[in-house]
Amino acid sequence: MKVLLNGEWIQLPEHIINVSDVLKHYDIHQRHVVVEINGEILTKLEHQNTRLADKDRIEIVHFVGGG
Amino acid sequence: MNNRYSRQELFLPIGKDGQERISNKHVLIIGAGALGSGCAEALVRAGIGQLTIVDRDYVEWSNLQRQQLYSEDDAKNRIPKAIAAKNRLLAINSSVVIEAIIADASVVELEDWVKKVDLIIDATDNFETRMILNDVSQKYSVPWIYGACVGSYGISYTIIPEKTPCLSCLVETVPLGGLTCDTAGIISPAVNMVVSYQISEALKILVGDLDSLRNKLVSFDLWKNQYSAIQVDKLKKEDCPSCGNERTYPYLSFENQTKTVVLCGRDSVQIRPSLPTIRDLEALEKVFAKQEGTVLRNPFLISYNVEPHRLVVFKDGRVLVHGTKDISEAKALYHRYLG
Ligand SMILES: [Zn+2]
């Protein structure tokens, strides 16, 4: 499926079904992240069971510590 | 009276009234690295009344690529960043009252400093300090502005007590690991972008224009050309231990404070004594001089080089052990040379 990820259209691989798969795909599943799908923010528990659909607008922000 | 603030006063949302307000405000900046340098210079140029800047480190060559307040002389002489920053800031604007503090920002210190200020700007390089800062901000109801960057990526969020979610609401536990300036490097545009976000929000708070605050968690990647801003109000938790109905301020309790910390961007470990100490640097210099290795002392610290390690001892008792990321190795060296 094709999704708008942080403002860019991306073709996601077949095996990606829900939000936690995307986080794993970008190797940020072990980091602290905030995820928003189509304007709706998700709690951490919802990452596991929120399925993605074609043309979803996804925003992912991950926390970093440097400064 | 010169007209140094005229262009800022012409900017309508600030105006002469806003400028007057800015000149009566006191801001605390925690950290005088890349973000701290940028934020401090911007606030001082903007005519802030008083600035307290805190840092535990000294200037090194690898800082000069992005830490805009420092020069080669500062790196050569290993001048503590707080001191080097103050000197440069006073040269930029001598009418600002600047307090430079060479110290680790931990609970006791933060609770003391926060009482005097209107706003705190986060320019630290670690989450342990940020979680303490977050609790202190909630306890004393002083807003703070989170900012961080690594590589070409940056992030910022403004935390207003009683209004927005706090950092605990957003991350729940202290984020560990992940990329640091050490592993991923950092480019100055990412720093400057975060500084711009932080200072824009700071100016809005200082002039009292809270309606104009961004109210979103913002992040960007300047190399990957990405930008994101998320409305995170929904993440505010009623039962948050830092900002919820029954607060315990968990990061202010003694048990949650680490005494050793691996520094971001450096092959170094910091060790701080569990009780406040003042080191007699002169006496220590004599001790080191009898050992193999080389010693350098300035009024603020002693640097003792014994290959492949370097120990830097500050007056407030903290020691930086360079040349290792291993906490137990660092502790062993600390005890070997400092008892
Ligand atoms: Zn909270």
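The values are calculated or read from the model by the stated rules, or taken from the named source; none is laboratory data. Please read all numbers here as calculations on a predicted model, not as lab measurements. We place every Cβ from the backbone using ideal geometry, glycine too, and count neighbours over all the protein chains shown. Calculation scope for accessible area: heavy atoms of the full protein, side chains included, ligands and nucleic acids excluded. Shrake-Rupley method; radii C 1.70, N 1.55, O 1.52, S 1.80 Å.
Strictly over 26 Å apart at the Cα level, which of B:Lys259/B:Lys315; B:Lys76/B:Lys286; B:Lys216/B:Lys237; B:Lys81/B:Lys315; B:Lys139/B:Lys315; B:Lys25/B:Lys139 would you flag in this model? Each step should come with its number before you reach the end.
On the way: B:Lys259/B:Lys315 17 Å; B:Lys76/B:Lys286 22 Å; B:Lys216/B:Lys237 16 Å; B:Lys81/B:Lys315 14 Å; B:Lys139/B:Lys315 30 Å; B:Lys25/B:Lys139 20 Å.
Result: B:Lys139/B:Lys315 exceed 26 Å.
Would you mind working out the accessible area per residue for chain A, using a 1.4 Å probe, and quoting it in Å²?
Working: 3630 Å² over 67 residues.
With the other protein chains kept in place, chain A gives 54 Å² per residue.
With the convex hull drawn over the C-alpha atoms of the protein assembly as shown, the volume per residue is 150 Å³. When only alpha carbons of chain B are considered, Rg and Dmax amount to 20.2, 64 Å.
Per residue of B:308-317, other chain Cβ atoms within 10 Å of the residue Cβ number 0 on average.
Within chain B, no helix built from a complete DSSP H run reaches 27 Å or longer along its own axis (Cα positions) while carrying a mean Kyte-Doolittle hydropathy of 1.6 or higher.
Using only alpha-carbon positions, what ratio does the radius of gyration of segment B:183-234 give when scaled by 2.2 N^0.38 Å? Before the final figure, lay out the partial values.
Numbers: Rg = 13.1 Å, N = 52, 2.2 N^0.38 = 9.9 Å.
Ratio of Rg to 2.2 N^0.38 Å for segment B:183-234: 1.32.
Taking the average, over residues, of other Cβ atoms within 10 Å as the packing measure, peptides B:290-300, B:234-244 rank B:234-244, B:290-300 from highest down. Split the accessible area of segment B:258-338 by element, probe 1.4 Å, and carbon with sulfur accounts for 54%.
Computed from protein heavy atoms with a 1.4 Å probe, the total accessible area buried between A and B is close to 2300 Å².
Here the contact order of segment B:258-338, divided by its residue count and restricted to Cα pairs under 8 Å and six or more residues apart, works out to 32 percent. Residues of segment B:316-339 with an amide N closer than 17 Å to a point placed 7 Å from the Cα of B:Glu292 along the Cα-to-Cβ direction: B:333, B:336-337.
Taking a ≥ b ≥ c as the square roots of the eigenvalues of the alpha carbon gyration tensor, segment A:2-62 is rounded, as a/c is under 1.5.
Counting only heavy atoms of the protein chains and using a 1.4 Å probe, B:Lys216 has close to 80 Å² of accessible surface. The Cα atoms of segment B:1-152 cover 40, 38, 30 Å along the three principal axes, with the biggest extent listed first. Considering only DSSP beta bridges with both partners in chain A, what is the antiparallel share in %, to the nearest 5? Taking every DSSP beta bridge with both residues in chain A, the antiparallel ones total about 85 percent.
I'd like the carbon and sulfur percentage of the solvent accessible area for segment B:6-255, probe radius 1.4 Å, heavy atoms only, ligands and nucleic acids excluded.
Details: 5110 of 9980 Å².
The computed percentage sits at 51.
The label point for A:Gln48 and the one for B:Arg45, both projected 7 Å from the Cα toward the Cβ, are 5.0 nm apart. Straight-line reach from A:Lys24: taking Cα to Cα under 17 Å and skipping same-chain neighbours fewer than 8 places apart, the aspartates and glutamates in range are A:Glu14, A:Glu36, A:Glu46, A:Glu59.
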